[in-house]
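The values are calculated or read from the model by the stated rules, or taken from the named source; none is laboratory data. The structure displayed is predicted, hence computed values, not measured ones. Cβ placement follows ideal geometry from the backbone for every residue including glycine, while neighbour counts extend to all protein chains displayed.
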Amino acid sequence: MIDYPADSSALENLSSLALDAPLALFQIDDSQRILCANLQTQSLLGGGLDKLVGRRLSEILFHDCEIFELVDRLINDTSDVSASGITVSGPFSEPKKFDVRMSIDTTTARINIALLPRSKRKAQDPSGLATFARMLGHEIKNPLGGISGAAQLMERSCRSDQSELLALIRSEAQRIGRLIDRFTAFELYNAPRFTSINIHEVLDEIIAMQSVASPAVTFKKAFDPSLPEISADRDHLHECILNIVKNAAEAVSGQEYSEVKVSTAYQAGIKLPRPGNERRYSAALLIRVRDNGPGIPGGNQEQVFKPFFSTKSSGTGIGLSVCQDIAHAHGGRLSFTSRPGRTQFDLILPLQREPAG
């Protein structure tokens, strides 16, 4: 076994995670080996320091323990993670539920973990919504990992014309995995994580994916190459535009000639305030999705953004409602016009800041 120092001073740094009610405190390295642990952890996990320090977490906890998922999320986001009602069990310990808090030292990649007594409010929550969300996320991510891994293996021996599709499969699996991580943490579409993105890269990915799903549809692009990068949540924006493009492709399905056109343009003279931001934006980016389908019936047009309204027999009516939420969370707006032979959705997003006035 690797000789890891059981540095007790490291536990002092862990105590800040636990606030007033510490129970079990321990630290792992970037290979998930235990570096140090307090007495409560030793008792909980069934062994003294000599049995814990240097061992991988997977040797101490069962593989389906939700702590591993939280560790993955912490490594990907590098921001503190907390969760309630997590079951901790292993070959040397009985199953028990705890509230969990984690932080990571980005300079050393060491992860601090605190297991706390469950708060009464959370322990008495009859809905079990948090547990259900984590279970659902876990069940979805397992096959996603298999899909991504299979695509990666196939890329090694595929034909040149197949590599792009396999890369697309892997990219989509990873994107869905990130969204699931955020959903299981109850991070909704009204809380975007803004980064600088190239909108045309996002649109190219969406069109490439939908072209595979709808081979009978002709997809056209008309992008303004002079547009700068924008500040947006890439995954949320991807989901929004994908919903709109997918709806357009479904609307034209079965026609003799089916066309969906995606275009971008600069919009001057538009003032768009971002929620919670005192600055306004002096210009905007227009993303337009147009199809030549039968159009949305006039009686339904006022309801298309309402949750759970759908004209499709298999539809949930959630897609366009989510799209509008994402647009609003970005300080933008989503609108449409529709008549037979032409339905057009316009997504307008802030492009450039200027002081409010």
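Just give me the residues in region 311-346 being assigned to a strand (DSSP E or B) and either under 28 Å from the mean Cα position of the chain (by Cα) or modelled with pLDDT under 90 (or both), in sequence order.
Arg333, Leu334, Ser335, Phe336, Gln344, Phe345, Asp346
What pairs can you find where one residue is in region 83-104 and farther than 17 Å from His63 by Cβ and in the same structural domain as Ala24 (by TED's automatic domain parsing), the other is among the basic types (Lys, Arg) and surrounded by fewer than 20 Cβ atoms within 10 Å (Cβ to Cβ), and their Cβ atoms are less than 6 Å apart, with a gap of 6+ or different chains?
Sorted first by the residue in region 83-104, then by its partner, the pairs are Ser84/Lys122; Gly85/Lys97; Lys97/Arg118; Asp99/Arg118.
What strands (runs of 3 or more DSSP E), lying completely within region 192-240, carry at least 2 residues that are of a type in the set (A, V, I, L, M, F, W, C) and more than 16 Å from the chain's Cα centre (by Cα)?
Of the strands (runs of 3 or more DSSP E) lying wholly inside region 192-240, those with at least 2 residues that are of a type in the set (A, V, I, L, M, F, W, C) and more than 16 Å from the chain's Cα centre (by Cα) span 218-222.
Take Asp50 and decide whether it is part of a loop (DSSP other than H, G, I, E, B) and either in the same structural domain as Thr108 (by TED's automatic domain parsing) or free of Cβ contacts under 8 Å to residues at least 24 places away in the same chain (or both).
no
Looking at Ile75, Ile104, can you tell me which residue is in contact with a strand residue (DSSP E or B) (Cβ under 9 Å, 6 or more places away or on another chain), among the hydrophobic types (A, V, I, L, M, F, W, C), farther than 20 Å from Gln40 by Cα and in a strand (DSSP E or B)? Don't jump to the end; show me each part of the working.
Numbers: Ile75 fails: in a strand (DSSP E or B).
Going through Ile75, Ile104 in turn, just one is in contact with a strand residue (DSSP E or B) (Cβ under 9 Å, 6 or more places away or on another chain), among the hydrophobic types (A, V, I, L, M, F, W, C), farther than 20 Å from Gln40 by Cα and in a strand (DSSP E or B): Ile104.
Scan region 1-36 residue by residue and report those that are modelled with pLDDT of 85 or more and within 16 Å of Gly90 (Cα to Cα).
Result: Phe26, Gln32, Arg33, Ile34.
Here's a check for you: in region 47-81, which residue that is at pLDDT below 80 and of a type in the set (Gly, Ala, Ser) is surrounded by the most Cβ atoms within 10 Å (Cβ to Cβ)?
Gly47
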